[in-house]
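First comes the structure, then the notes that go with it.
Since every read-out is calculated from the coordinates, none of them should be taken as a lab result. Not measured: the values here are computed from a predicted model. Note that each Cβ is placed from the backbone with ideal geometry, even for glycine, and that neighbours are counted across all protein chains shown.
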Amino acid sequence: MAKRCWLMKSSPANYSIQDLEREGKTYWDGVRNYTARNSMRDDMQVGDAVLFHHSNAKPPGVAGIAAVCREGYPDHTAFDPKSKGYDAKSSRDQPRWIMVDLEFAERFEEVVSMDEMRAAKGLEEFPLLQRGQRLSIMPITRKQFEIVRRLGRA
């Protein structure tokens, strides 16, 4: 059983659950928010469960499940001037940005939409549904994870 549960957002135009399913695993790079970085650096552990959310999609929603398969390590895109994730203040000696690796677990037949989650009993405090919530990575409870997984399998 997973130690902790997370929700991670990605625009399917950049990287989708279908991409992860095809590749099997990937590194989660390009996160440039300190709170999300700290979660990857300090809290995410191998075996943690992840709800994979498609943002900037029609409809936006949870598309499947992944798992953390490698704990936080320096995000190499921060060192590459040709990368959109480049940060001149980050160095290999003192990296500012961290990434984790994810492995594919499950793709839902249909995306669990924001409306479905808003209507679901038990998700009233779900961080994704809170006003102003914009983090690309957020901790969620085991109960919230299970409710969304159940919706995705329905």
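Distances between placed amide hydrogens fall under 5 Å for Ile140 paired with Cys5, Trp6, Leu7, all partners being 5 or more residues away or on another chain. Exposed loop positions in the chain were taken to be trypsin sites (Lys or Arg not before Pro) whose DSSP state is not H, G, I, E or B and which have at most 12 other beta-carbon atoms within 10 angstrom. Between these positions, the longest stretch is 1-81. Sparse packing (at most 15 other Cβ atoms within 10 Å of the Cβ) combined with a DSSP loop state is found for the following chymotrypsin sites (Phe, Trp or Tyr not before Pro) in region 75-106: Tyr86. At an R0 of 25 angstrom, the distance between the Cβ atoms of Lys25 and Arg92 translates into a FRET efficiency of 0.60. Given 0.36 nm per residue, what is the gain on full extension from Thr141 to Arg153 after removing their alpha carbon distance, in nm? That pair, Thr141 and Arg153, stretches by 2.5 nm at full extension. For volume of the Cα convex hull per residue in Å³, pick the label among [x] 179; [y] 164; [z] 112 that corresponds to the value derived from the coordinates. Matching the structure shown: [z].
For the pair region 26-94 / region 104-154, the C-alpha centres are spaced 19 Å from each other. Ranking Gln130, Ala13, Val31 by Cα position along the charge dipole of the chain, where only Lys, Arg, Asp and Glu carry charges on their C-beta atoms, puts Gln130 farthest toward the positive end. Taking Cβ atoms as reference points and 14 Å as the exclusive limit, the residues near Leu123 contribute a net charge of +1, counting Lys and Arg as +1 and Asp and Glu as -1.
Under the criterion of Cα pairs below 8 Å and six or more residues apart, the relative contact order for region 5-153 equals 31 percent. Using the Karplus relation 6.51 cos²θ - 1.76 cosθ + 1.60 with θ = phi - 60°, the per-residue 3J(HN,Hα) values for region 137-151 come to 9, 9, x, 10, 7, 4, 4, 4, 4, 5, 5, 5, 4, 4, 4 Hz, with x marking Gly and Pro.
Can you pick out the pairs among Lys58/Lys89; Lys9/Lys121; Lys84/Lys121; Lys25/Lys58 whose Cα atoms lie more than 29 Å from each other? Those over the limit are Lys58/Lys89; Lys84/Lys121.
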